[in-house]
Amino acid sequence: MLSKNAVTVLERRYLKKDADGKPTEKPDDLFKRVAQAIAQADKEYDLDADVKQTQDIFYEMMSSLKFMPNSPTLMNAGRPLGQLSACFVLPIADSMEDIFDAVKNAALIHKSGGGTGFSFSRLRGAGSSVNSTGGVASGPVSFMKVFNSATEAVKQGGTRRGANMGILRVDHPDIIDFIQCKKNTTEITNFNISVGITEEFMKAVNEKREYSLIDPHSKKEVKKLYAPEVFDLIVTMAWTNGEPGIVFLDRINRDNPVPKLGEVESTNPCGEQPLLPYESCNLGSINLDALMVKKGGEYELDYDEFRKTIKNAVHFLDNVIAVNNYPLQEIRDMTLSTRKIGLGLMGFADILYKLKIPYNSSEAIELAEKVMKFLRDTAREESCELAKQRGTFPTYDESIFKSQGLVQRNATVTTIAPTGTISIICGASSGIEPIFGLSYIRNVMDNDELLETHPYFEQVMEERGLYSKELMSKIAKEGTIAHMEEIPQDIRDVFVTAHDITPDSHVRMQAAFQKYTDNAVSKTVNFPREATKEDVRKVYELAYDLGLKGVTIYRDGSRDAQVLNIGKVN
Ligand code: CDP
């Protein structure tokens, strides 16, 4: 069932190895190890629990590639490290001690395979005074470089490089420096950066007026900036090389399930998981493609199996919280107080092909909403059942659910992760992203070039007697089949790729999923190389209008080292 690529990824990074680096377990042993370790948690709530039965259910769900937890769970469950979460947010208070404590804590998290998000908004601006020494402060951007170097020095879990998110509020005195801090693309490379946008700022942009920059220490206004100009600068930089992204902080906090615990000031590295300071979250994703069945010759999504998988996945992720080995006491305390989990999905683009629905159609948007509503409703149902057996999350009485009368075990249940690695393991399209290329060239280690084709596309082309190596090579070079007259129109209509989809459609798809997602949605809005700054601005505005929590864009060819190129994948 596992593809060759999947086995390679597992062997390189996930399987247990001996001193010589030779794997001592097979992929199947990995699924057994993880299932056994996570099922143990059942005993904490019920001494008579049938742990073996739970273990079998968890094993089946992973080995059939219907569900996969985030990478740290696969790597570390049932092993001495035992750190299972992908996402953390650490606070940075405005003192040398606090800043360097955060550097150290981030290093510990990276070592265990987790990623860290930070808000630098509490640090005083560059040039402001430092009482104890009479000197001047260096400001958020210079400290980001310290975090960046520390990250560089620590490789995650041996092979996974640390990832960070850096956020600065748009009303921080150093915002202009921050927006441009990755202009030199060789600096701060271990960070994704996003500007924390406030409602007040968006209002000032719309009303074409100034807004105030506030010193985080004195809380006094230090100067005013013309909001449309700042917005322009953000758009220009994002157009130039994809960063900064933007996150709508006030909107994220409007959906904060336990506001009494504090304010959300950052997300995890890829932006899909807003968290309180010291909170962590474990993610897991359901592979929709593994839930497709054929009835009367046509594919359909098996909703009964989907329902079962959602319930088992919520059970699994709640168990992860119980058996997780937390890197710090503060993280343990915060995480256990809200018990947030993030269940999402992958393979959405794959199933659209099988259902003959173009990604950029209103039918696809309808399906997105239907699937995600089903996922969230069923996940909440299971979280409610778990609450009845195991109790609600400890801060439930102060949460928004209490007033809604919705009994929950977990303060959030849904997140759409990028599924960068686990989608390779499952052989599925990543998250909710469209397919990047139907055929592409993969460079393998010894510089051989391998032509790979999307398996279902290949099958359809073969069935229709259209498959040839030459045609697949041509598709790999061109990146899209939209204009290829040798391919029948019905196939060209359905097998759309990222390049055929307008930025507007990308954003609308993200919004359809966000509607039923408690946390946020990982998605990149792709632009063609010739897109203008005005196009980027329109997408940022649309993202705001459609209620997104944030947006990340990428204009083709705008960064030197592009992870995925048309025609070439490294
Ligand atoms: O597929 P996988 O479980 O490896 O991860 P993902 O869905 O691509 O990313 C989920 C989250 O894992 C990211 O948002 C980060 O918080 C974290 N991550 C990381 O810390 N370092 C990486 N190299 C990749 C992901």
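The values are calculated or read from the model by the stated rules, or taken from the named source; none is laboratory data. Quick caveat: nothing in here was measured; it's all calculated off a predicted structure. Cβ placement follows ideal geometry from the backbone for every residue including glycine, while neighbour counts extend to all protein chains displayed. Accessible surface areas use protein heavy atoms only, side chains included; no ligands, DNA or RNA. Shrake-Rupley method; radii C 1.70, N 1.55, O 1.52, S 1.80 Å.
Quick notes on this one:
- The stretch 55-70, residues that are open to solvent by 10 Å² or more (accessible area, probe 1.4 Å) and in a helix (DSSP H, G or I): Q55, D56, I57, Y59, E60, S63
- Selection status of S95, small (G, A, S) and free of Cβ contacts under 8 Å to residues at least 12 places away in the same chain: yes
- Enumeration of residues in the stretch 231-250 that are part of a helix (DSSP H, G or I) and buried (at least 19 other Cβ atoms within 10 Å of the Cβ): F231, I234, V235, M237, A238, W239, L249
- Test: residue in the stretch 219-230 that is away from the ligand (no atom under 16 Å from the Cβ), of a type in the set (S, T, Y) and not in a loop (DSSP other than H, G, I, E, B): yes
- M334 falls short on exactly one of the conditions (1) in contact with an Asp or Glu (Cβ under 6 Å, 6 or more places away or on another chain); (2) surrounded by fewer than 21 Cβ atoms within 10 Å (Cβ to Cβ); (3) not aromatic (F, W, Y), and that condition is (2).
- Qualifying residues in the stretch 187-218 (those that are open to solvent by 10 Å² or more (accessible area, probe 1.4 Å) and among the aliphatic types (A, V, I, L, M)) - the one nearest to N268 (Cα to Cα): I214
- Segments classed as helices (runs of 4 or more DSSP H), wholly inside the stretch 283-379, with at least 3 members that are out of contact with any Leu (no Cβ under 7 Å at 6 or more places or on another chain) and among the basic types (K, R): 303-323
- Annotation: K370 fulfils all but one of (1) in contact (Cβ under 8 Å) with a residue 12 or more places away in the chain; (2) within 16 Å of K515 (Cβ to Cβ); the unmet one is (1).
- Residues located in the stretch 38-54, provided they are crowded, with 16+ Cβ neighbours inside 10 Å and either in contact (Cβ under 8 Å) with a residue 24 or more places away in the chain or within 15 Å of the ligand (Cβ to nearest atom) (or both): I38, A39, Q40, A41, D42, T54
- Restricting attention to the stretch 425-458 and to residues that are surrounded by fewer than 13 Cβ atoms within 10 Å (Cβ to Cβ) and charged (D, E, K, R), the residue that is modelled with the lowest pLDDT turns out to be D446.
- Remark: Y278 matches the filter, which requires a residue to be within 16 Å of the ligand (Cβ to nearest atom) and open to solvent by 10 Å² or more (accessible area, probe 1.4 Å).
- Candidates are the residues of the stretch 258-268 that are touching a residue at least 60 places away in the same chain (Cβ under 8 Å) and open to solvent by 10 Å² or more (accessible area, probe 1.4 Å); the one that is farthest from the ligand (Cβ to nearest atom) is K260.
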